[in-house]
Every structure is written in structure tokens, then in C-alpha cells.
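J.: Here it is, the structure in full.
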Amino acid sequence: MHVNTWSDSLPYDPPGHRSVDARRLQGLAAEGPDDFWVGLSRYVPGAEAEMAPTAADTVYVLLEGELELTSETDGVTVVLRRHDSAFLPLGETRRVRNISDTDSLLLVILKPDAPVAR
């Protein structure tokens, strides 16, 4: 078993994200699994991840709040609400924005093409 406490979780600054508090929970530099990665991102009102391709197969699970998710690849915009989830394959171009007036909490699960080298 590999436990990573919140106080030990590693903050990181994902490229193209504005006003997003992001933490690595498992995988990558947080140790844990080699074939996937789990993070938690808090989007304050107005925060966003700009339109960009996903770096890996990605699953989003919204734990709190509301987030607008736009797929340029599919030409679709949806509003994710509590417990909604979305899958974005590697390379799908997307934007995530908090257009509400409350914080939103997003669980992010990534599966890179290859195991992560340590």
C-alpha cells in the first residue's frame, strides 16, 4: 500500500492553467503507481485551463461545484456538475473553466501511453 497524505501531496503548476490550485495525489513525483496518475484541482471562480490538447488519456470527475468543459475536437461544450465525469482521449483539445461564483473541485486521472520512468 502507498498512502499519500494531503499534507504530503505535491502542489504543481500545470501549463496553461490560471488560478488553479493543483496537487499530485498518486503517481509521477508523488510516488505510487507507474501506469496512471491522480491529481486534485481546485478551480476558483474565473479559473481556467486554456484550450490545449490532453497529454494522456484523461478522466475528470467533478467532486464539488460546476465547471464548463469545451472540446474543440468534438465541437461540444457541457457543464459538469457534482459527480459528473468525462473521458478525454490523448490529444483531444479541451478547455476547462469555472464560470460559477463558487469553487469547484476536480479529480483528474491520467493514463500516459507508457509507464512513468522514475
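J.: Take residues that are β-branched (V, I, T) and tell me which of the strands (runs of 3 or more DSSP E) falling wholly in segment 61-110 contain 2 or more. So that I can check it myself, show each step before the final result.
T.: Values: elements: 66-71, 76-81, 85-88, 93-97.
Strands (runs of 3 or more DSSP E) meeting the threshold: 76-81, 93-97.
J.: Can I ask one more? As an exercise: evaluate W6 against (1) aromatic (F, W, Y); (2) surrounded by fewer than 14 Cβ atoms within 10 Å (Cβ to Cβ); (3) within 19 Å of L90 (Cα to Cα) and give the number of the one condition it does not meet.
T.: Here W6 clears every test but (3).
Conditions tested, residue by residue: (1) open to solvent by 30 Å² or more (accessible area, probe 1.4 Å); (2) not acidic (D, E).
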residue	(1), (2)
P14	no, yes
D34	yes, no
W37	no, yes
S85	yes, yes
L90	yes, yes
R95	yes, yes
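J.: So which residues in segment 55-108 are in contact (Cβ under 8 Å) with a residue 40 or more places away in the chain and at positive phi?
T.: G65, the sole residue that qualifies.
J.: Looking at A49, is it modelled with pLDDT of 95 or more, surrounded by 14 or more Cβ atoms within 10 Å (Cβ to Cβ) and under 12 Å from the mean Cα position of the chain (by Cα)?
T.: Details: modelled with pLDDT of 95 or more: yes; surrounded by 14 or more Cβ atoms within 10 Å (Cβ to Cβ): yes; under 12 Å from the mean Cα position of the chain (by Cα): yes.
Spelling it out, A49 is indeed modelled with pLDDT of 95 or more, surrounded by 14 or more Cβ atoms within 10 Å (Cβ to Cβ) and under 12 Å from the mean Cα position of the chain (by Cα).
J.: Next question. Pairs needed: first member in segment 15-37, among the polar types (S, T, N, Q); second member anywhere, open to solvent by 40 Å² or more (accessible area, probe 1.4 Å) and modelled with pLDDT of 90 or more; C-beta distance under 7 Å; at least 6 residues apart or different chains.
T.: Sorted first by the residue in segment 15-37, then by its partner, the pairs are S19/V44; S19/G46.
J.: Something else: Quick one: D34 ticks every box in (1) more than 21 Å from S9 (Cβ to Cβ); (2) modelled with pLDDT under 95 bar one, so which box is it?
T.: The failed condition is (1).
J.: Read through the list (1) over 15 Å from S100 (Cβ atoms); (2) out of contact with any helix residue (DSSP H, G or I) (no Cβ under 9 Å at 6 or more places or on another chain); (3) assigned to a strand (DSSP E or B); (4) open to solvent by 30 Å² or more (accessible area, probe 1.4 Å), then give the number of the only condition that R23 fails.
T.: (2)
J.: If D35 passes every condition in (1) in contact with a helix residue (DSSP H, G or I) (Cβ under 8 Å, 6 or more places away or on another chain); (2) part of a loop (DSSP other than H, G, I, E, B) but one, which one does it miss?
T.: If we test D35 against (1) in contact with a helix residue (DSSP H, G or I) (Cβ under 8 Å, 6 or more places away or on another chain); (2) part of a loop (DSSP other than H, G, I, E, B), just (1) comes out false.
The values are calculated or read from the model by the stated rules, or taken from the named source; none is laboratory data. Computed from a predicted model, the values in this text were never measured in an experiment. Ideal geometry is used to build each Cβ from the backbone, glycine not excepted, and the neighbour counts take in all protein chains shown. Surface areas here come from the heavy atoms of the whole protein model, side chains and all, with no ligands, DNA or RNA. Shrake-Rupley method; radii C 1.70, N 1.55, O 1.52, S 1.80 Å.
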